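K.L.:
Dropping a structure here in structure tokens format, bear with me for questions.
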């Protein structure tokens, strides 16, 4: 039970946050209401085209980040189960995150203010791959911050 709470509950919690973010709450219409004014405050003479470009970049960076974190958490949970990082676990973490991304985009196709996009699935999968690589790098460095057992060299 302790393993579930420490390693798998964060995975499920993050998946829930992604699901909530894929509703109308984080649609382009809603996020533009705070990104646009913030950019106009930061750079008063910014053009509408520049605002649109920055909003697009911020939204896509959010995709990379949210699925990078999901894959990182999945790799961490799988690493705790096997006690040694196996690339198979990295592939599983990537596959689960990419599958969840596809389901998330499918879910968005039913939300009036959202659209499901295969391009976003690819962006999400790229973020997931980055998350696995970052987890692997940190686990190889023996950092306790990742939370999974550290591999010991004999």
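Rule-based calculations on the coordinates, nothing more; no lab input. Because the structure is a prediction, the values reported are computed rather than measured. Cβ coordinates were reconstructed from backbone atoms using ideal geometry, including for glycine residues, and neighbour counts include every protein chain displayed.
K.L.:
Could you list 110, 4 in order of exposure, starting from the residue whose Cβ has the fewest other Cβ atoms within 10 Å?
P.N.:
If I rank by nearby Cβ atoms, fewest first, I get 110, 4.
K.L.:
Then there's this: Connecting C-alpha atoms closer than 10 Å in a GNM of the chain, tell me which of 90, 131, 36 has the biggest fluctuation.
P.N.:
It is 36.
K.L.:
How far, in degrees from 0 to 90, does helix 118-140 lean away from the longest principal axis of the Cα atoms of the chain, to the nearest 10?
P.N.:
That helix lies at roughly 40 degrees to the long axis.
K.L.:
So, one more: Taking neighbour Cβ counts within 10 Å as the exposure measure, how do 106, 7 sort from fewest upward? Kindly include the intermediate steps, with their values, before the conclusion.
P.N.:
Working: 106 12, 7 19.
The order, fewest Cβ neighbours first, is 106, 7.
K.L.:
Based on the Cβ-Cβ distance of residue 115 and residue 33, what FRET efficiency does E = 1/(1 + (r/R0)^6) give at R0 = 25 Å, to the nearest 0.05?
P.N.:
On the way: r = 19 Å, r/R0 = 0.74.
Efficiency for this residue pair is about 0.85.
K.L.:
Using only the alpha-carbon atoms, how far is helix 28-42 inclined from the longest principal axis of the chain? Give it as 0 to 90 degrees, nearest 10.
P.N.:
Once rounded, the angle reads 80 degrees.
K.L.:
Fewest to most neighbouring Cβ within 10 Å: what's the order for 120, 104?
P.N.:
Going from least to most buried by this count: 120, 104.
K.L.:
Still on this model: Using a Gaussian network model of the chain with C-alpha springs under 10 Å, which one of 58, 11, 43 is most mobile by mean-square fluctuation?
P.N.:
Sorting by GNM fluctuation, first place goes to 43.
K.L.:
Using only Cα atoms, find the angle between the long axis of helix 9-21 and the longest principal axis of the chain, and express it within 0 to 90 degrees, rounded to the nearest 10.
P.N.:
10
K.L.:
Describe numerically, in nm with one decimal, the distance between label points set 7 Å from Cα along Cα→Cβ at residue 86 and at residue 122.
P.N.:
A separation of 3.2 nm, rounded to one decimal place.
K.L.:
Relative contact order for segment 83-139: what is it in percent, counting Cα pairs under 8 Å that are at least 6 residues apart?
P.N.:
Computed value for segment 83-139: 40 percent relative contact order.
K.L.:
When only Cα pairs under 8 Å and 6 or more residues apart are kept, what is the percent relative contact order across the chain? Please list the in-between numbers first.
P.N.:
Working: 163 pairs, mean separation 46.8, N = 154.
For the chain, the relative contact order is 30 percent.
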